[in-house]
Amino acid sequence: MEADESTQDIVIVGAGISGLATALGLHRLGIRSIVLESSENLRATGFAISLYFNAWKAMEALGISQHVRSLGDRFQGWVVTPISSGNPPKEMFFPESEEYEVRCVQRKSLLEALAGELPDGTIRFSSKLVHIELSGHYKMVHLSDGTILKTKVLVGCDGVNSVVGKWLGFKNPVKSPRFAILGLTHFPTGHGLGRRFFQFFGNGVRYGFISCDQNTVYWFLTHTSTEIDKKNREKIKQFVVTKIKDFKDGWSDPSLLRILLKRCYYQNLKNMRCDVYIGRCC
Ligand SMILES: Cc1cc2nc3c(=O)[nH]c(=O)nc-3n(C[C@H](O)[C@H](O)[C@H](O)COP(=O)(O)OP(=O)(O)OC[C@H]3O[C@@H](n4cnc5c(N)ncnc54)[C@H](O)[C@@H]3O)c2cc1C
């Protein structure tokens, strides 16, 4: 095993939203840190994320709010529709004030915005933490390639199955048997869906879509089923189609989600920017 040449002041594990935001916050205060990331590059799993009022306070503090604002249209409110009861949709509009700013941005763009503000060399990719031990006041951080880093402060931002959390004695995450199937669908000439977050629920299904910008729609479907083959994309598509086959969402018949899904698969074949992810919500 190799010991790294120097002692680090602060090592952050995980270059997700929390790890990069922590590193950037420290950098703005003039404090150097390094971020260890197990992947070879920034991970964008999840496709898009809605940034609500508290997120904008954090963006302001990190000095990237103007840049991140340019990544997603401000949306005006929610429309929530029960799919089976025949009840009318419920609409809620946000007041115009800054306090109620909400935007949906692509996760990859958000990660790039955070990473782009960090000094070169801050993020160390392909650096997977596997083990931690104490050495006096220091932490010895063991990576999967045999490297050992010595640090005064270790910050765990390594997600739901955190190695740092386990070392600290945190309980294992509680798993919910609810799956999410997510996608981004690209409309080169604009989607025309407006700037509201549409959600539909009933019969164990919840699905929705939201505009990130005038060309991109983020959509999701969640369900309690456990018998789905997560790796078989054709089966995932079939699963969604079956679950929504009788739904009428007012956009198209039988459902706009079906169009988003179909288009997403078509675009994927053409190697365009769109994908489907299925994961277990914890
Ligand atoms: C599918 C999905 C959709 C979501 N949608 C929304 C949303 O719309 N709005 C919202 O507010 N929240 C949403 N969330 C929740 C929010 O996105 C997550 O809470 C957020 O991504 C957590 O960020 P994080 O930086 O803590 O962890 P993560 O994003 O999980 O990042 C952890 C990073 O640590 C790295 N890592 C893990 N283990 C190691 C290791 N041993 N060594 C080195 N690196 C390691 C990983 O590769 C990863 O890059 C969603 C979550 C998921 C899973």
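Just so it is clear, none of the values below were taken in a lab; they were calculated from the coordinates. Everything quoted here is computed from the prediction, not taken from an experiment. All Cβ positions, glycine included, derive from the backbone under ideal geometry; neighbour counts span all protein chains shown.
For GLN8, nonlocal amide neighbours, meaning residues 5 or more places apart or on other chains whose placed amide H falls under 5 Å from its own, are LYS150, THR151, LYS152.
At full extension, LYS150 and ASN203 could sit 13.8 nm farther apart than now, given 0.36 nm per residue minus the alpha carbon distance. Our coupling estimate for segment 93-102, obtained by passing each phi through the Karplus curve with A = 6.51, B = -1.76, C = 1.60 and θ = phi - 60°, is 9, 7, x, 5, 5, 4, 4, 10, 6, 9 Hz, Gly and Pro reported as x. Principal-axis analysis of the Cα atoms of the chain puts helix 53-62 at an angle of about 40° to the longest axis.
Per-residue extension of 0.36 nm, minus the Cα-Cα distance of GLU98 and GLU40, leaves a gain of 17.1 nm for this segment.
Checking every one of the GluC sites (Glu not before Pro) in segment 5-49 against DSSP loop status and a limit of 10 other Cβ atoms within 10 Å picks out GLU40. Peptide packing: for 62-70, 91-99, 104-112, the average count of neighbouring Cβ atoms within 10 Å per residue gives the ranking 104-112, 62-70, 91-99, highest mean first. In this structure the amide hydrogen of VAL155, modeled in the peptide plane, comes within under 5 Å of the amide hydrogens of VAL11, ILE12, VAL13, none closer than 5 places in sequence on its chain.
Ellipsoid semi-axes for the chain, based on the Cα gyration tensor and the rule √(5λ), read 38, 22, 17 Å when sorted largest first. With neighbour counts taken as other beta-carbon atoms within 10 Å, the residues VAL217, VAL102 rank, fewest first, as VAL102, VAL217. Residues in segment 109-122 carry Karplus couplings, in order, of 5, 5, 4, 5, 5, 5, 5, x, 8, 8, x, 3, x, 5 Hz; the curve used is 6.51 cos²θ - 1.76 cosθ + 1.60 with θ = phi - 60°, and Gly or Pro positions show x.
Counted residue by residue at 0.36 nm each, then reduced by the alpha carbon distance between them, the extension gain from ALA61 to LYS231 reaches 57.2 nm. Would you please classify the overall shape of segment 44-91 from the alpha carbon gyration tensor, given that a ≥ b ≥ c denote the square roots of the eigenvalues, rounded means a/c under 1.5, and beyond that prolate means a/b larger than b/c while oblate covers the rest? Since a/c reaches 1.5 and a/b is larger than b/c, the shape of segment 44-91 is classed as prolate. Using a simple spin-label model with pseudo-atoms 7 Å out from Cα toward Cβ, PHE53 and GLU112 lie 3.1 nm apart. Each peptide among 71-83, 125-137 gets the average number of other Cβ atoms lying within 10 Å of its residues, and from highest to lowest they stand as 71-83, 125-137. Sorting 10-17, 116-123 by average packing, meaning the other beta carbons within 10 Å per residue, from highest down gives 10-17, 116-123.
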